[in-house]
Amino acid sequence: MELQSTAEQPTEAKDRTSKALVLHPSLKSSQTTDKRSPDGRLAEAVGLARAIDLTVVDALVLPLRDMRPSTLIGSGRVRQIADWVKSDSIDLVVIDAALSPIQQRNLERAWKTKVIDRTGLILEIFGARARTKEGTLQVELAALSYQRSRLVRSWTHLERQRGGFGFVGGPGESQIELDRRRIDERITRLQKQLDDVKRTRGLHRAARKRVPYPVIALVGYTNAGKSTLFNRLTGAAVMAKDQLFATLDPTMRQITLPSDRPAILSDTVGFVANLPTDLVAAFRATLEEVRTADLVIHVRDIAHPETEAQRRDVLAVLSDLGLADLADEGRMIEFWNKRDLLPPDEAERVAVAAERDPDVVFGSATTGLGLHDAFIDIDQRLAASSSVVELTLDSADGKSLAWLYRHGRVLERQDMDGDTRVKVAFEPAERALLEQRLSPKTLIELSEKI
Ligand SMILES: Nc1nc2c(ncn2[C@@H]2O[C@H](COP(=O)(O)OP(=O)(O)O)[C@@H](O)[C@H]2O)c(=O)[nH]1
Ligand SMILES: [Mg+2]
């Protein structure tokens, strides 16, 4: 998804990562609306920019005395940044604030580069990450509404330029009216599609679950360390060369757990503080994939001053997704990350609390502490939910055998006298389908856990 930019520049080549400058404007008088420090907010914005593979060359808090309607920030600053953009060959400036269309356009002109604001950035992330049909539609809807609001406002601006009376049918206006109408039509179409998707959601979910391996989803706030943990876990585990998964996007990888159990690890879109309300629906739809996960790892930045509030936010959204019982079902682990950032005595105190809670692993994705424990814990939880079945089939029944290989994990196989005996491990969803799909000669449910 490409967001509307008012600059007349070609979009950056996608085959190299764009160099970005991230700026967090901080209004001196508005500290009361957000308890978090400007540095904390800047760190989050940098995390968001990295989530779409931007190379953040520099990041800066810009203290503002007031907001300029034309450029948001003062003209001296605008000139300084223009030099900076030029000397560092910056491709994109991210302003962690809401920009009016006019501010966006003026800054793009002054800096001769693309500028996006916070909403634009978050929309880009959602667009790149949406995996389900509902997620994609919901994000496109949010992006179109965003574009539409920009058109409306630039229209008012044009009107003012022409003397403030609005000459009906002026060239600029009719062009914008046309764009608006096109966007409105598209929005109506999307809304219809969304209704359809929601109605048939159950079917889509069944269709999505094609891999016979359990799916583990990482959730948590932006900057909690999800991607670092993802890379550590997939780097430490044996990477699969299976062609079957060649089509998985880079945020999903097949891993092999210590018990030899294969699984899919999925890095999801992160939570952000103060999510613009227009984007809430899109965010939830993007997280829709978590519903099909067998296990959820909630990655928490335990050194973050707001870590408890962040935890509550994550649990509230999971609950809205119909996943309130994850913890009770033994399908959620909290990974308390960034242990290395806590002072020793604090780390000691937190370790005691973590020790008491069977659903918590305490460690650090960068130092590697706690990763082994996490692996063992994941393995045990997945073993507890899978079942092992021994079946005898007619050897000529190639179709049933093929089904077993696709939907289960064949652990053993013996062919004799026209019969084939197989031992297969299943995830719960696949196990439920077994009797519907095939009628074996014998079926024994084994009590062993693999
Ligand atoms: N000190 C420390 N930093 C960490 C740890 N885990 C992640 N980070 C850093 O936190 C920042 C955000 O991590 P990232 O994995 O991108 O978070 P995500 O937004 O949840 O995917 C990066 O700068 C990481 O290097 C940790 O255990 N200790
Ligand atoms: Mg990440």
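The values are calculated or read from the model by the stated rules, or taken from the named source; none is laboratory data. Model, not experiment: these values are computed from the prediction. Glycine also receives a Cβ, built like all others from the backbone with ideal geometry; neighbour counts cover every protein chain displayed.
So is residue 366 assigned by TED's automatic domain parsing to the domain that holds residue 429 and either in contact (Cβ under 8 Å) with a residue 40 or more places away in the chain or of a type in the set (Val, Ile, Thr) (or both) or not? So residue 366 fails the test.
Look at segment 214-233: where a residue is in the same structural domain as residue 366 (by TED's automatic domain parsing) and of a type in the set (Lys, Arg) and a partner is more than 6 Å from ligand 1 (Cβ to nearest atom) and in a helix (DSSP H, G or I), sitting 6+ places away or on another chain with Cβ atoms under 7 Å, you get 232/371.
Taking strands (runs of 3 or more DSSP E) that do not extend beyond segment 321-424, which have at least 3 residues that are surrounded by 18 or more Cβ atoms within 10 Å (Cβ to Cβ) and of a type outside the set (A, V, I, L, M)? Write out each step before concluding.
Details: elements: 332-337, 360-362, 387-394, 409-416.
Passing ranges, in order: 332-337.
More than 30 Å from residue 194 (Cβ to Cβ) and not aliphatic (A, V, I, L, M): does that describe residue 313? Spelling it out, it is not the case that residue 313 is more than 30 Å from residue 194 (Cβ to Cβ) and not aliphatic (A, V, I, L, M).
Tell me which residues, restricted to segment 340-379, are aromatic (Phe, Trp, Tyr) and away from ligand 1 (no atom under 14 Å from the Cβ). Step through it out loud before you land on a result.
Initial filter on segment 340-379 (aromatic (Phe, Trp, Tyr)): 362, 375.
Of everything in segment 340-379, just one residue is aromatic (Phe, Trp, Tyr) and away from ligand 1 (no atom under 14 Å from the Cβ), namely 375.
Any residue in segment 299-314 that is away from ligand 1 (no atom under 16 Å from the Cβ), under 28 Å from residue 355 (Cβ atoms) and touching a residue at least 40 places away in the same chain (Cβ under 8 Å)? No, segment 299-314 contains no residue that is away from ligand 1 (no atom under 16 Å from the Cβ), under 28 Å from residue 355 (Cβ atoms) and touching a residue at least 40 places away in the same chain (Cβ under 8 Å).
Counting just the residues of segment 260-283 that are without any contact (Cβ under 8 Å) to a residue 60 or more places away in the chain and on the phi < 0 side of the Ramachandran plot, which one comes out nearest to ligand 2 (Cβ to nearest atom)? Applying the filter and picking the extreme gives 267. Residue count for segment 262-303 under the criterion of being touching a strand residue (DSSP E or B) at 6+ places or on another chain (Cβ under 8 Å) and of a type outside the set (A, V, I, L, M, F, W, C): the result is 11. A Cβ distance below 6 Å, combined with a sequence gap of six or more or placement on separate chains, defines the contacts here; from segment 335-352, residues that are without any contact (Cβ under 8 Å) to a residue 12 or more places away in the chain and in the same structural domain as residue 310 (by TED's automatic domain parsing) reach residues that are of a type outside the set (A, V, I, L, M, F, W, C) and more than 16 Å from ligand 2 (Cβ to nearest atom) in the pairs 347/339. Scanning segment 279-312 for residues that are assigned to a helix (DSSP H, G or I), surrounded by 16 or more Cβ atoms within 10 Å (Cβ to Cβ) and over 15 Å from the mean Cα position of the chain (by Cα) turns up 307, 310, 311.
When you check residue 229 against the structure, is it modelled with pLDDT of 90 or more, away from ligand 2 (no atom under 16 Å from the Cβ) and under 30 Å from residue 411 (Cβ atoms), yes or no? Working first, answer last.
On the way: modelled with pLDDT of 90 or more: yes; away from ligand 2 (no atom under 16 Å from the Cβ): no; under 30 Å from residue 411 (Cβ atoms): yes.
So residue 229 fails the test.
Restricting 81, 52 to residues that are modelled with pLDDT under 90 and β-branched (Val, Ile, Thr) narrows the list to 52.
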